[in-house]
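The values are calculated or read from the model by the stated rules, or taken from the named source; none is laboratory data. Worth saying up front: this structure is predicted, and the values here are computed from it rather than measured. When we count neighbours, we look across all protein chains shown, and the Cβ atoms used for this are built from the backbone with ideal geometry, even at glycine.
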Amino acid sequence: MATLHFKDSNRTLNAGKIICLGRNYAEHAKEMKAAIPPEPVLFLKPSSAILADGGTILIPPFSRELHHEVELVALIAIGGSKIPRPDAMHHVGGYAVGLDMTLRDLQADAKKKGLPWSVSKGFDTSAPLSSFVAPDAVADPHNLAISLAVNGTVKQRSNTRNMIFPLDEVIAYISSIFTLEPGDLIFTGTPEGVGPVLPGDVMIAEIERIGILTARVGPFSEKPLH
């Protein structure tokens, strides 16, 4: 079971389910040649996908195209079902920098066949995660600079104010479908600029007021499965 850590504190929490948003930035939807959704697009990752700050992403042997996606991550501290939107932010217990690493070749193939994205999104080490900061360290989660650099070159740069669905709406929507529990994580979507990374690349993701996350890309497996 993955353990979540808090910055400048000995506090820890066991990770629960990881609920991710797709297409929550209009410019990212555009670059993926996808329509802006009328309601949040959700998918899941297992908690076994979590990788601690400074870790190495392991590319599975069945893929040759790994893409980066930097995201604001919210931690649920108080669980609930059918949470009213005005109460939603009271359920947040912290924020972190996250990466939704994606096997883009597998995802494209799954989309073409109308199949789920689970393999392309949920493989081991696909969710690098920084330590968390308390909610009071973040004045407004909807106005934070967010960026990602690969080998020192900035690839993604935006602001969380560009999210289509704000976090309070997202929490209310998710909790109308899944009961939220302490330790659950919400990956709130990525801005434009996603792209491939290769073995040996170093990614540095940063979100204003929250911190920095570093992750390295491991080698391709010697022999793909197909």
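Go through the range 99-157 residue by residue and tally those that are assigned to a loop (DSSP other than H, G, I, E, B) and within 16 Å of the chain's Cα centre (by Cα).
Adding up the residues that qualify gives 12.
Testing Gly55 on (1) closer than 18 Å to Tyr95 by Cα; (2) at pLDDT 95 or above; (3) among the small types (Gly, Ala, Ser), one condition comes back false. Which one is that?
Here Gly55 clears every test but (1).
From the list Pro141, Pro135, which one is on the phi < 0 side of the Ramachandran plot, of a type outside the set (Gly, Ala, Ser) and in contact with a Gly (Cβ under 8 Å, 6 or more places away or on another chain)?
Among Pro141, Pro135, only Pro135 is on the phi < 0 side of the Ramachandran plot, of a type outside the set (Gly, Ala, Ser) and in contact with a Gly (Cβ under 8 Å, 6 or more places away or on another chain).
Suppose we keep only residues that are within 18 Å of the chain's Cα centre (by Cα) and surrounded by fewer than 19 Cβ atoms within 10 Å (Cβ to Cβ) within the range 19-30. Which one would you say is farthest from Ser176 (Cα to Cα)?
Among residues in the range 19-30 that are within 18 Å of the chain's Cα centre (by Cα) and surrounded by fewer than 19 Cβ atoms within 10 Å (Cβ to Cβ), the one farthest from Ser176 (Cα to Cα) is Glu27.
Condition check ((1) surrounded by 15 or more Cβ atoms within 10 Å (Cβ to Cβ); (2) closer than 23 Å to Leu66 by Cβ; (3) modelled with pLDDT of 95 or more) across all residues:
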| position | (1), (2), (3) |
| --- | --- |
| Asp87 | no, no, yes |
| Leu99 | yes, yes, yes |
| Ser126 | yes, yes, yes |
| Val138 | yes, no, yes |
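Among the residues of the range 148-164, what is the count of those that are within 15 Å of Val73 (Cβ to Cβ) and surrounded by fewer than 21 Cβ atoms within 10 Å (Cβ to Cβ)?
So the answer is 0.
Checking the condition out of contact with any Asp or Glu (no Cβ under 8 Å at 6 or more places or on another chain), closer than 19 Å to Met32 by Cβ, at pLDDT 95 or above and among the basic types (Lys, Arg), which residue from Lys113, Lys121, Lys82 passes?
Of Lys113, Lys121, Lys82, the one residue that is out of contact with any Asp or Glu (no Cβ under 8 Å at 6 or more places or on another chain), closer than 19 Å to Met32 by Cβ, at pLDDT 95 or above and among the basic types (Lys, Arg) is Lys113.
Would you check if there is a residue in the range 183-199 being among the acidic types (Asp, Glu), surrounded by fewer than 20 Cβ atoms within 10 Å (Cβ to Cβ), assigned to a loop (DSSP other than H, G, I, E, B) and touching an Asp or Glu at 6+ places or on another chain (Cβ under 7 Å)?
For the range 183-199, residues among the acidic types (Asp, Glu), surrounded by fewer than 20 Cβ atoms within 10 Å (Cβ to Cβ), assigned to a loop (DSSP other than H, G, I, E, B) and touching an Asp or Glu at 6+ places or on another chain (Cβ under 7 Å): present.
Between residues in the range 23-48 that are more than 17 Å from Leu72 (Cβ to Cβ) and residues that are part of a helix (DSSP H, G or I) and not β-branched (Val, Ile, Thr), which pairs lie under 8 Å by C-beta distance while being six or more apart or on different chains?
These pairs meet every condition: Ala35/Ala29; Ile36/Ala26; Ile36/Ala29; Pro37/Ala29; Glu39/Tyr173; Leu44/Ser118; Leu44/Gly122; Pro46/Gly122.
Could you tell me whether Leu144 is hydrophobic (A, V, I, L, M, F, W, C), surrounded by fewer than 22 Cβ atoms within 10 Å (Cβ to Cβ) and in contact (Cβ under 8 Å) with a residue 40 or more places away in the chain?
Yes, satisfied.
Name the residue, out of Ser81, Ser118, that is within 18 Å of Leu180 (Cβ to Cβ), surrounded by fewer than 17 Cβ atoms within 10 Å (Cβ to Cβ) and in contact with a helix residue (DSSP H, G or I) (Cβ under 9 Å, 6 or more places away or on another chain).
Sole residue among the options that is within 18 Å of Leu180 (Cβ to Cβ), surrounded by fewer than 17 Cβ atoms within 10 Å (Cβ to Cβ) and in contact with a helix residue (DSSP H, G or I) (Cβ under 9 Å, 6 or more places away or on another chain): Ser81.
Would you check if Ala172 is crowded, with 22+ Cβ neighbours inside 10 Å and not in a loop (DSSP other than H, G, I, E, B)?
no
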